[in-house]
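What follows is a short report on a single structure.
The values are calculated or read from the model by the stated rules, or taken from the named source; none is laboratory data. The shown structure was predicted, so the numbers you read here are calculated from the model rather than taken from an experiment. Quick reminder, even Gly has a Cβ in these numbers, built from the backbone with ideal geometry, and neighbours come from all protein chains shown. Just so you know, the surface numbers come from the protein's heavy atoms only, side chains and all, with ligands and any DNA or RNA stripped out. Shrake-Rupley method; radii C 1.70, N 1.55, O 1.52, S 1.80 Å.
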Amino acid sequence: MFLKEDCHKEGKKHSFLFRRTGQATAATNLNRQRHSLCHNVGDAVAVIFQAVRLCFKILRYLWVGYEWIARFISLGCYGVLIFPGVLQVAYYYVYSNQVRRSIKYGDQPRNSLDLYVPQSRDGQNPNPKPVVALVTGGAWIIGYKAWGSLLGSHLCDRDIIVACLDYRNFPQGSMSDMIKDASQGISFVFNNIAEYGGDPNRIYVMGQSAGAHIGACTLVEQAMKEGGGERVSWSVSNIKAFFGLSGVYNLYNLKDYFHSRGLHRSILLSIMEGEESLERFSPEVMVQDPKIKDAASLLPPFALFHGTAGYSVPSHASKSFAEVLERVGVKVEAVEYTGKTHTDLFVQDPMRGGKHQLVEDLIFIIHQNDTEALARNAMAPRRRRLVPEFMLNLAQRVSPF
């Protein structure tokens, strides 16, 4: 009896100890789970932190930060807003019988040009037509001859032949290659444009943005060759005029600006073949060199056009170059368009239809000694609008250029 009672008591005691031990074990397991959870959360946070840190490092090395992301978004919005016009221009470029695409002018990659040739109509002037050799822009990296379609179609409708030159871009080529390609394209125009109804005695060279830089460098280099007695395939003194639109003419003054705008200094120097070549590829600097004074005297008249609201290339770039050209005796005219951005004059304004001020200014210079041509152009039909005005206004606001 006592034994049973003792056993019963002993059982109760062991049961109590078991319950206490179980509770302790459960508490220990709970603590372990909490510790494990905290450890896992800590590991996850550490992994996420390392991943984010790595992403930021990659973005920094690729020179892609907040500003670049914002510009990519702006570029996307800009593309959507002008897309209706782009579609119509693309259709014209592919299907119009005015456009002769991809005519080869050299043996190197991208040595081709597009010709915009006015169609003969009854009552039109049967004489050979003036010619504009156009070098389009694209930050020396994304230049392409088709970018000149809008301006080409406008001038073509005004009885002017336009030759849009393609050229090797970086990294396919450096600045020397671009100048060589542009020079070879201009030579082709001089020697072959008569076959397409052009007048080889009325050839103008035009460049836009980086294309204006390439064009100006090409003319200066050609003048130096010609002034030095080298044999050349075309004469810079036979160019009627150079038209520079939103151009780059002094790399020393703009390399830091371009760096702040996202064109990394190391990339720019790679395009320009190193710091030591910046002088050679800065026409504003080159024309001031007393050693090439005779070469500078061979340069044609310059007309420099620039919008005052452009971000890609500030308008003082054209002002400064105009002042230097005037100082060294080159005939020059600088034209500013108040409130116009880098793309307004080349993209949005031509899409508005009606009269386009840049085109009117170009035509006035090209036809200034031809009263009949000026009279015909005054009676030219108005161009139709490609994009609604509110979309073009929004495009101007969001444009990253």
- Task: Could you please find all residues in the range 290-318 being assigned to a loop (DSSP other than H, G, I, E, B), open to solvent by less than 40 Å² (accessible area, probe 1.4 Å) and over 26 Å from THR338 (Cα atoms)?
- Result: LEU299, PRO300
- Item | Output for the range 319-348, where each listed residue is under 17 Å from the mean Cα position of the chain (by Cα) and either open to solvent by less than 30 Å² (accessible area, probe 1.4 Å) or touching a residue at least 60 places away in the same chain (Cβ under 8 Å) (or both) | THR341, HIS342, THR343, ASP344, LEU345, PHE346, VAL347, GLN348
- Answer residue from the range 365-380, given it is under 30 Å from LEU87 (Cα atoms) and free of Cβ contacts under 8 Å to residues at least 40 places away in the same chain and is farthest from the chain's Cα centre (by Cα) among those: MET379
- Message: Please go through the range 381-401 and give me each residue that is of a type in the set (A, V, I, L, M, F, W, C), under 19 Å from LEU75 (Cα atoms) and either surrounded by 11 or more Cβ atoms within 10 Å (Cβ to Cβ) or in contact (Cβ under 8 Å) with a residue 24 or more places away in the chain (or both), ordered by number.
- Response: VAL387, MET391, LEU392, LEU394, ALA395, VAL398, PHE401
- Query: Does the range 368-400 hold any residues that are under 21 Å from HIS306 (Cα atoms), in contact with a Lys or Arg (Cβ under 9 Å, 6 or more places away or on another chain) and in a loop (DSSP other than H, G, I, E, B), and which are they?
  - Reply: PRO400
- Output the number of residues of the range 66-101 satisfying the condition of being surrounded by 12 or more Cβ atoms within 10 Å (Cβ to Cβ) and either more than 19 Å from LEU394 (Cα to Cα) or touching a strand residue (DSSP E or B) at 6+ places or on another chain (Cβ under 8 Å) (or both). 12
- Task: Determine which member of the set HIS213, HIS259 is open to solvent by less than 30 Å² (accessible area, probe 1.4 Å), of a type outside the set (Gly, Ala, Ser) and assigned to a helix (DSSP H, G or I).
- Result: HIS213
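Filter the range 236-251 for residues that are open to solvent by 10 Å² or more (accessible area, probe 1.4 Å) and at pLDDT 95 or above; which is nearest to ALA295 (Cα to Cα)?
Selected residue: ASN238.
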